Structure formats: C-alpha cells, structure tokens
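See below for the structure under consideration.
The values are calculated or read from the model by the stated rules, or taken from the named source; none is laboratory data. Just so it is clear, the model here is predicted, and its values are computed rather than measured. Heads up, the Cβs are rebuilt from the backbone with ideal geometry, glycines too, and the neighbour counts pull from every protein chain shown. Surface areas here come from the heavy atoms of the whole protein model, side chains and all, with no ligands, DNA or RNA. Shrake-Rupley method; radii C 1.70, N 1.55, O 1.52, S 1.80 Å.
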Amino acid sequence: MTDTRPILFFDSGVGGLSVLAPTRALLPHAPFVYAADNAGFPYGTKSEAEIAARVPALLGRLAERYHPRIIVIACNTASTIALAHVRSALELPIVGTVPAIKPAALASKSRVIGVLGTDATVRQPYVDNLAAGFAADCLVLRHGSAELVEAAEAKLRGETPDPAIFARAMTGMTGQPGGDRLDIVVLACTHFPLVEAELAAASPHALAFVHGAEGIARRIASLTQGQQWPGAPGPGTIVFTAANPDLEAMRPALRSYGLTLDETL
Ligand code: DGL
C-alpha cells in the first residue's frame, strides 16, 4: 500500500513557506500539509510561557488530524522556545528551525555577524548557546523586528511594504557598535527570506544573508530516506487555526508554493 502520510510544516503564518519551497524541490512526490497558526500570530511578541504552552498542544491536534510522517517546525521562535517540549510530547520525528549562526560564522571574514529575528528569538538562551558554541570569536549583533514579519505577510498578500521597514531592520544591526564591519546576516525568522531582496536593497553596505532552509530540506530528505512516496504529488493543503480574511489575497502566492487546498482547524 502507498504511504500517503504527509510532511507537516508549521509556522505562525506564511514564513514557513521559505522552508517548504526547498523541501518540495528536493522531494517532489512528498504530500504536505502547511499549518499556519493565524489565530496565534504573531509569535515574536509573545512570552516564552505562551509559546511553550501553545505550540505542543496545537501540534498534537494537527498530528491527530493529519497523521504526518514528520513534523517540521518552520519557525525559529517556536523552535528556540518549544522544540524540547514538542519532542517530549509527540512520538514523531520533529525537525526544528534554529538560527544559522554556525554557517554564518564559517563564512564571515570580518568576524562581525548579525542575527535578525523576532524579539522573542533574539533573546533566547538557545541563541546564546549557538553564538558561544559556533561564533565565540565573532561579534554577534542581534536585532528583533516585528514589523518585518508583518511586511513579509503583506508581500504574500500582493502588497508592497514600506521600504522604510527594511531600512530600519538593517540599521538595527549596522547602527550598533561594530556594525559597519558586519558582513553576514542570519535571517533567523522564516518570514525574512521572503523579503531578502528588499533587505539587501535597504542595507547601508553590501553584505551576505544566510538561513537554514536548504539544510532543513536535506535533513528532512535524510530522515525520510527509504520511505515510500505516492506516485504523483497530491494537492498541498494549507490549514489555518482561524478563519483567514486575507485568504483570497494570498491565494496566488500560496498556489505558487503548491498549496491549492485550504482548511480551518
Ligand atoms: N516565522 C516565525 C519565526 O521564524 C515567527 C514570526 C512571528 O509570528 O512573529 O520566528
């Protein structure tokens, strides 16, 4: 019998699409469900306690409904806060998304790297540990931006966000002491690769960006190696945790990611 169990991607909003895209490219026959917790959006301004309580409970409900073969927490905020809670609550392989500080430190020539995430992510001990473990000889400049998350959502609705938002995000790092030597920025929120071109255009000096999406896609491929996939990919489903008034505006972008069906949890 064909194994039709999907890969379940999870984020507060559309950010996880930046992880879904390289995974689909690598595993074109994989059925997938993309869950957007729009009822809880945004995560980046919430407390650790709220995220730690909300995410495992929600993923439990999603796992019961969709019987995924693997869950991908395509959200840095949820992963840096709740990955361990989710892993202990669910008996399924769970892949997290955490800031790509290691590859940034390997690539940086100036030894000044930026971590651009949500307010919640950039203050996490998880990030302290990554910086201490992989970038101990680097100056790590952190900046949290909630408006950048909103800008990425707006872009997916077909809107053009105010360029000042991207300029503020970049100067939030380059304006810190040592920021003039910044040569690589970790996009530590899955929404941010969706606006990478706008961030690059707004940067006061040329620099590189790095994020973990391709690495996560390879990790998913390795964890599902040897498993069966249906002969042809079915329609991708996006499930929202509340009715989404922006769904029609988002539909063209969702379709471009292969998401043609929608449901509400
Ligand atoms: N996309 C999410 C992340 O990677 C969170 C965005 C938000 O809800 O604030 O952190």
(request) Taking Ser79 as meeting all but one of (1) touching a strand residue (DSSP E or B) at 6+ places or on another chain (Cβ under 8 Å); (2) within 12 Å of the ligand (Cβ to nearest atom); (3) touching a residue at least 60 places away in the same chain (Cβ under 8 Å), write down the number of the exception. (result) (3)
(request) Could you please find all residues in segment 1-35 being assigned to a loop (DSSP other than H, G, I, E, B), crowded, with 18+ Cβ neighbours inside 10 Å and either of a type in the set (Asp, Glu) or out of contact with any helix residue (DSSP H, G or I) (no Cβ under 9 Å at 6 or more places or on another chain) (or both)? (result) Gly16, Pro31
(message) I'd like to check something: does segment 184-204 contain any residue that is over 20 Å from the mean Cα position of the chain (by Cα), open to solvent by 20 Å² or more (accessible area, probe 1.4 Å) and touching a residue at least 40 places away in the same chain (Cβ under 8 Å)?
(response) no
(request) From the list Arg24, Arg61, Arg65, Arg5, pick out the single residue that is under 18 Å from the mean Cα position of the chain (by Cα) and either among the charged types (D, E, K, R) or on the phi > 0 side of the Ramachandran plot (or both). (result) Arg24
(request) Go through (1) surrounded by fewer than 19 Cβ atoms within 10 Å (Cβ to Cβ); (2) out of contact with any strand residue (DSSP E or B) (no Cβ under 8 Å at 6 or more places or on another chain); (3) closer than 27 Å to Gly179 by Cα and name the single condition Ala53 misses. (result) (3)
(request) Find the residue count for segment 140-173, including only residues that are farther than 18 Å from Pro42 by Cβ and either open to solvent by less than 10 Å² (accessible area, probe 1.4 Å) or touching a residue at least 40 places away in the same chain (Cβ under 8 Å) (or both). (result) 4
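Residue by residue, here is whether (1) of a type in the set (Val, Ile, Thr); (2) closer than 21 Å to Ala188 by Cβ holds:
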site	(1), (2)
Thr2	yes, no
Pro6	no, no
Gly44	no, yes
Ala53	no, no
Ala57	no, no
Arg69	no, no
Ser79	no, yes
His85	no, yes
